[in-house]
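The values are calculated or read from the model by the stated rules, or taken from the named source; none is laboratory data. Everything numeric here is computed off the predicted structure, so don't read it as measured data. As a convention, Cβ positions derive from the backbone with ideal geometry for all residues, glycine included, and neighbour counts pool all protein chains shown. Accessible surface is based on the protein model in full, side chains and every heavy atom, while ligands, DNA and RNA are left aside. Shrake-Rupley method; radii C 1.70, N 1.55, O 1.52, S 1.80 Å.
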Amino acid sequence: MKKIALMAAMSKEVSLLRPLFEDVREKRFPGGVCLCGGFCGSEVVVVQSGIGKVCAAAASVELIHFFQPDAIINTGAAGGLSPELAVMDVVAAEQTAYYDVFCGGEEGQVQDFPKYFDADAFLLEKVMENCVGLKKGLIVSGDRFVTSGDEAAKIRRLYPSALAVDMESAAVAQVCHLYQVPFLSLRVISDVPGAEGHIAQYENFWEKAGAESFETVRCLLKNLVEK
């Protein structure tokens, strides 16, 4: 792949990605300012979308129109929903879905769209090749920062197999589904809703997180550009 787009919601997340690339420069595009750089001969664009589904969808559309990437990879922090996960674990979204959508049919499904948006099979295969300790499964999205065990339990009742919860992945997946752009979400677990000291978990994640917490992104990019 010659042109790969990375998207993260927050400036903290973008700053963790920046050291991965060479010759980084800022560039304006209709959605704001992005970072452009190189990675082993491929062009990489890093966009800060803003938090939530609307910001993520708007940034995705602008990114597709302006840069025409070969793939979009959404990354950043997520809350853990599975007891198998701990802070700093990384989840590759085999599928994404909404937990806060109801259109009168099946809970979580936008009318005329699939309930589950599948990751691009090639991207998923490449990220699972050499990236150590990676978990794959379902990531669900909604416009809430999930803080309590009751909220997490409600989401698990709707999606018993969900590994993580965030605020953007499914929205980016839906846009990529519309525009037929290969998509994958990679999320680092920052906290476990309902756990003792949950808020401290989240705050400490940003204190302790270094570029190594996004090492899976580097691993995926390396696998994608290898000849």
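Can you list residue pairs whose Cβ atoms sit under 7 Å apart, with the first residue in the range 1-30 being closer than 16 Å to V217 by Cα and the second being open to solvent by 80 Å² or more (accessible area, probe 1.4 Å) and in a helix (DSSP H, G or I)? Count only pairs 6 or more apart in sequence or on different chains. Filtered contacts from the range 1-30: L20/R218. Only one entry of A152, A164 meets the criterion of being in contact with a Leu (Cβ under 8 Å, 6 or more places away or on another chain), open to solvent by less than 40 Å² (accessible area, probe 1.4 Å), among the small types (G, A, S) and part of a strand (DSSP E or B), and that entry is A164.
If you go through the range 76-114 and keep only what is in contact with a strand residue (DSSP E or B) (Cβ under 6 Å, 6 or more places away or on another chain) and more than 30 Å from K208 (Cα to Cα), you end up with just G108. The condition of being buried (at least 22 other Cβ atoms within 10 Å of the Cβ), out of contact with any Asp or Glu (no Cβ under 9 Å at 6 or more places or on another chain) and at pLDDT 90 or above holds for only one of F145, F117, F122, F183, that being F117. Any residue that is aliphatic (A, V, I, L, M), outside any strand (DSSP E or B) and buried (at least 22 other Cβ atoms within 10 Å of the Cβ) - is there at least one of those in the range 129-139? No - not one qualifying residue is present in the range 129-139. When the residues of the range 57-75 are filtered to those that are open to solvent by 50 Å² or more (accessible area, probe 1.4 Å) and part of a helix (DSSP H, G or I), the one that is farthest from F117 (Cα to Cα) is F66. Within the range 116-141, residues that are within 30 Å of F102 (Cα to Cα) have Cβ atoms under 9 Å from residues that are of a type in the set (D, E) and at pLDDT below 95 in these pairs: K135/E84; K135/D89, counting only partners at least 6 apart in sequence or on another chain.
Counting only residues that are within 21 Å of E215 (Cβ to Cβ) and of a type in the set (D, E, K, R), which one in the range 1-22 is least open to solvent (accessible area, probe 1.4 Å)? So, considering only residues that are within 21 Å of E215 (Cβ to Cβ) and of a type in the set (D, E, K, R), the one least open to solvent (accessible area, probe 1.4 Å) is E13. Sub-9 Å Cβ pairs linking a first residue in the range 165-187 that is more than 28 Å from V87 (Cβ to Cβ) and among the hydroxyl-bearing types (S, T, Y) to a second residue that is at pLDDT 95 or above and buried (at least 23 other Cβ atoms within 10 Å of the Cβ), at least 6 apart or interchain, are Y179/S60, ordered by first then second residue. Scanning the range 76-100 for residues that are assigned to a loop (DSSP other than H, G, I, E, B), open to solvent by less than 60 Å² (accessible area, probe 1.4 Å) and out of contact with any Asp or Glu (no Cβ under 8 Å at 6 or more places or on another chain) yields L81, S82, L85, A86, D89, Y99. Looking at the structure I just gave you, is Y159 in contact (Cβ under 8 Å) with a residue 60 or more places away in the chain, under 30 Å from F66 (Cα atoms) and among the aromatic types (F, W, Y)? In short, no.
On the basis of being under 22 Å from E168 (Cβ atoms), crowded, with 20+ Cβ neighbours inside 10 Å and of a type in the set (S, T, Y), does S49 make the cut? The answer is yes for S49.
Could you grab the pairs with beta carbons closer than 6 Å, sequence gap of 6+ or different chains, first residue in the range 78-97 and farther than 12 Å from K135 by Cβ, second one open to solvent by 50 Å² or more (accessible area, probe 1.4 Å) and among the hydroxyl-bearing types (S, T, Y)? Taking only residues 6 or more apart or on different chains, the pairs are Q95/Y116; A97/Y116.
Kindly indicate whether any position in the range 34-46 is closer than 29 Å to V192 by Cα and within 14 Å of the chain's Cα centre (by Cα). Before you say what the answer is, go through the steps one by one.
Restricting attention to the range 34-46, the residues satisfying the condition of being closer than 29 Å to V192 by Cα are 46.
Filter again for within 14 Å of the chain's Cα centre (by Cα), leaving 46.
Looking through the range 34-46, at least one residue is closer than 29 Å to V192 by Cα and within 14 Å of the chain's Cα centre (by Cα).
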